[in-house]
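Enquirer: Mind looking over this structure? Questions follow.
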Amino acid sequence: MDKFVIEGGRPLRGEVRCSGSKNSALPILAATLLCDGECVIRGVPRLRDVDTLLAILGELGAETRREENGDIVTRVVDLEPVTARYELVSTMRASFCVLGPLVGRRRRARVSLPGGCVIGIRPVDLHIRGLRALGADVRIDAGYIVAEAPRLRGTEIYLGGQFGSTVTGTGNVLMAAVLAEGRTVIDNVACEPEVQDLARFLVATGARIEGIGTHRLVVDGVKTLHGVEWTVIPDRIEAGTFLLAGAITRGAVTVTGCLTEHVSSLLATLREIGVRVESAPTQCRVEAGAGFRPLHVTTLPYPGFPTDLQAQMMALLCLGDGISVVTERIYPDRFMHVAELNRMGADIRKEGSTALIHGVDALSGAKVMASDLRASAALVIAGLAAGGETEVQRVYHIDRGYDRIVEKLTGLGACMERVDDKKLVASATDSEG
Ligand code: EPZ
């Protein structure tokens, strides 16, 4: 199993290009199950999670291939299979987003429940509520969601829960509603850029959806959807991670090929702590000097500060000039990185869904363990800023969501390498995503 060995303390400098969004590509690839004919999806990052989803699509009767230029071509050739197996779904939660397309087009689905994961319990009650409202009979059988819907009828659905809207839940319900009879109004939908990208993809295939980007989607069902060529949006979380890597190392980094409007909460936060930020519509640059002012930051649904950048932001605040407070409103237990950052000399105390961070002058390199995708990214950027050597173990987590991260960071001047560490043994199932 691979680990990263990082020699920290070098300011990152230069330009790095953003890849396509993982969390856009996965539901859009799942949505190709709804289409007659060939879909060509461009800008799909080369990630383990994408490979997992392609394996699931293959078992669900889709032919898929990756072209040399990276495009993914899909075509459904068999509408019979309806089962997404535990063995695959349990390795990646996002594979649950095949549920909506299966119910929508095949009117039957048997999809393994993804279960909890290291960032929290992560229920799927809202997905089920939405599908039931459309007329599907949904039950749980032997760890699987079994849904049957001889007819799907448009209706009004409220998709809010204890923690607000749901990103993949919105996607699942939307993907079922586009082929339902009549009009469906879905209220309190997530309006993350990835949800908008999925909705726009569906419109390009012939779906009728209004209200994209708002909290209410109005869907008028159609009978069929056709194949289409689509380019996924840039990955705002990857872009944010590189900007934070530039800032934490007190360097100067420009991220190109991103959509600045998608990272506006991060840019505002960076400005507030004293990082110099320049932005144009598709690129942003950060330059950080000596200190970081302390800050209170709370994760919220888009356009609030994203939970997927919380760990990386916390790494930066470890080097702040006072006491910072980070509150996690999406996943109250998403703090696995705290103990590892403390092993690097940080001073973080967790109280419920809040972390109090006493800024320290420096972090020191250590052996640390990645627990999930974004926590791993936080440890990597902490390692880049720390004095001495950091070993980040279990980097298979990071391979799920960051396309060629070592190449991109070394391109900015980072001193790090991937090392095969045969002594490490894989942990049990990991399924965040
Ligand atoms: C998506 O997960 C992302 N994954 C996550 O990114 C991201 O952290 C999350 O949205 C929030 O932005 C993908 O897009 C593949 P949610 P998702 O349903 O859709 C609760 C990463 O690192 N909830 O929007 O699973 C839930 O427990 C990953 O790339 C219910 O209560 O998240 C959470 O508290 C990790 N009932 C909140 O809603 C439900 O039925 C938001 O979760 C569904 C969710």
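Enquirer: Which trypsin sites (Lys or Arg not before Pro) in segment 223-295 pass both tests, a DSSP loop state and at most 11 other beta-carbon atoms within 10 Å? Spell out each step's value before the answer.
Expert: Values: sites: 223, 236, 250, 271, 276, 285; in loops: 223, 250.
Here the trypsin sites (Lys or Arg not before Pro) that fit, given the DSSP loop and packing criteria, are 223.
Enquirer: While we're on this one: Using C-alpha positions alone, give me the convex hull volume of the chain per residue in cubic angstrom. It would help to have the intermediate numbers written out before the result.
Expert: Numbers: hull volume 52.7 nm³, N = 433.
Normalising the Cα hull of the chain by residue number yields 122 Å³.
Enquirer: Between the helical axis of 373-385 and the dominant principal axis of the chain, each derived from Cα atoms, what acute angle in degrees is found, rounded to the nearest 10?
Expert: 20 degrees
Enquirer: Please work out the FRET efficiency for the pair residue 158 and residue 200, using the Cβ-Cβ distance as r and a Förster radius of 25 Å; give the result to the nearest 0.05.
Expert: 0.60
Enquirer: In percent, what relative contact order does segment 22-229 have, based on Cα pairs under 8 Å that are 6 or more apart in sequence?
Expert: That works out to 21 percent.
Enquirer: Summarise the accessible area of the chain (1.4 Å probe, protein heavy atoms) by the percent that is carbon and sulfur.
Expert: Details: 7800 of 16140 Å².
Within the chain, the accessible surface is 48 percent carbon and sulfur.
Enquirer: Measuring with a 1.4 Å probe in the full set of protein chains, what accessible area per residue, in whole Å², belongs to segment 352-421?
Expert: Normalised by residue count, the accessible surface of segment 352-421 is 30 Å².
Enquirer: Sort 143-154, 120-131 for me by packing, meaning the mean count of neighbouring Cβ atoms within 10 Å per residue, highest on top.
Expert: Values: 143-154: 17.6, 120-131: 19.3.
Output ranking for 143-154, 120-131: 120-131, 143-154.
Enquirer: Oh, and also: Would you kindly state how much longer the chain becomes between residue 417 and residue 224 on full extension, computed as 0.36 nm times their sequence separation minus their alpha carbon distance, in nm to one decimal?
Expert: Using 0.36 nm per residue and subtracting the Cα-Cα distance, I get 64.6 nm.
Enquirer: Moving on to the next point. For the ranges 133-141, 174-182, what's the packing order if you count other beta-carbon atoms within 10 Å of each residue, average per peptide, and put the highest first?
Expert: Answer by packing, highest mean first, reads 174-182, 133-141.
Enquirer: With a 10 Å radius around each residue's Cβ, average the other Cβ atoms per peptide and rank 314-324, 3-13, highest first.
Expert: Taking the mean over residues of other Cβ atoms within 10 Å, the ranking is 314-324, 3-13.
Enquirer: Show that you can apply the helix-only estimate: for the chain, add -39,500 (n - 2.57) for every DSSP H stretch of four or more residues, divide by all residues, and state [θ] at 222 nm to the nearest 500.
Expert: On the way: 13 runs with 120 residues, N = 433.
After summing the helix terms and dividing by the residues of the chain, the value is -8000 deg cm²/dmol.
Enquirer: Could you report segment 22-229's accessible area per residue, 1.4 Å probe, as an integer in Å²?
Expert: 38 Å²
The values are calculated or read from the model by the stated rules, or taken from the named source; none is laboratory data. Keep in mind the model is a prediction, meaning the values are calculated, not measured. Methodologically, a virtual Cβ is constructed for each residue, glycine included, from the backbone with ideal geometry; neighbour enumeration extends over all protein chains shown. With ligands, DNA and RNA removed, areas are computed over all heavy atoms of the protein, side chains included. Shrake-Rupley method; radii C 1.70, N 1.55, O 1.52, S 1.80 Å.
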